[in-house]
Amino acid sequence: MKKTLYIVGVLLLSSFISAQTIKITTIQPLAEWDFISVLDYNQNFGPGSPLLFSYRIDPGDTMARDIGFKISLTTSAREFESAASGYPTLLEYSFSLDLEAPLTIDNTKFDIDSDNNTLIDELGNVVRVKNARYTGITESSMRDLLSDFASSGGNLPEGTYSFQFLITAPSGFELNTDDFESITVLTSRVPAGITLGSPRDEETVSGANPFFEWTSFGCDDYYIRIAEYNPLLHSSPDDAINSESSLPYPDNHDFYPLGNATSLLYEGIGRPLEVGKTYVWQIKKKCISNRDDKWEQSQVQSFNILETNSRTETPCQQQLRNVLGDNQYNVLFGVNGPLEGYGECAEISLDGNGISATDFESLLVQLINGVYEIESVTTQ
């Protein structure tokens, strides 16, 4: 009995020792794009198309015959249902190879519609593709679909796409897949705009550490820019956002990276924001594609930071704030403003006649709107 067990053990050990290894390495995985452009691809994604994937197959020192391969692409996108007869498989291509030297396989090396595909290994040997079989959308249907997508923006429809590269070792061989990724799942979404939530446009916030929040769908690589808005220096919020920034700080004439975050507490970053001042902010996001990356930008919004320790405003100051608005008032009468500390309005007369506070406010509005022009001012 012991002798029998010994013989079995030796046989098993020898089989492990004699097994040859085929190593497969991912050189270029199918990237995790946010959306997929089809503008540069032909109907079979083969020769003449940009690189989609690339794998290196190394059979070691021994000829490996009938190594099996299968490449497939499936999807949940509804636009393909009729062309694929309701079946989610867009492409499925299986074949086998005899290898005596390492070989690189990628989508540009062979035509899935051809019966005479040949490859060249790293030693210059010609490798013929055997037992090729293609199933999936017909060539004409795929060509029509790509044409339709190109005319409507050039992107694959929204949905989930699953790419799989399978390899089967022949008898007497085993696979080394330590550096190999068999499946890549892509979720393609047409990039959507960005909606700024907080602070709202022209909102007055308390404290110099405001909380920023925004929403968007598709792509999740966000950036933010914050800058001071001074109406005496800037013609508009859009002009202010391009001036010296508070974030990033120091200003690098770009946006501050946030990764996939859709909110930010302004604390411990950038240049400290100051109470009594007005700022503008904008969000942009980067959408990665197999062709050209795309950037989406939000509108520019402003917000004011309330002076929490400010003294109670006089009726005259309240009147001026109502007429000028918070932004312009803070610039003129706020911290470090040219009229900081100005409090009471003197008695005002027009053409020698005194006017009430209400009439004065109405006059200011009309002056701002250009109804009247000031010819002379006398102070005592």
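The values are calculated or read from the model by the stated rules, or taken from the named source; none is laboratory data. These numbers come from a predicted model, not from an experiment. Here the Cβ positions follow ideal geometry from the backbone for every residue, glycine too, while neighbour counts run over all protein chains shown.
Worth pointing out:
- Summed over the range 245-258, the residues that are modelled with pLDDT under 95 and touching a strand residue (DSSP E or B) at 6+ places or on another chain (Cβ under 7 Å) give a count of 1.
- Of all positions in the range 185-193, none carries a residue that is crowded, with 16+ Cβ neighbours inside 10 Å, in contact with a Pro (Cβ under 8 Å, 6 or more places away or on another chain) and either assigned to a loop (DSSP other than H, G, I, E, B) or of a type in the set (D, E, K, R) (or both).
- Selection status of PHE45, out of contact with any strand residue (DSSP E or B) (no Cβ under 7 Å at 6 or more places or on another chain), surrounded by 20 or more Cβ atoms within 10 Å (Cβ to Cβ), at pLDDT below 75 and not in a strand (DSSP E or B): yes
- Entry remark, the range 193-230: residues being polar (S, T, N, Q) and without any contact (Cβ under 8 Å) to a residue 60 or more places away in the chain number 2 in total.
- Flag if ASN176 is farther than 30 Å from LEU306 by Cα and in contact with a helix residue (DSSP H, G or I) (Cβ under 7 Å, 6 or more places away or on another chain): no
- VAL205 vs. criteria closer than 26 Å to GLU267 by Cα and surrounded by 14 or more Cβ atoms within 10 Å (Cβ to Cβ): yes
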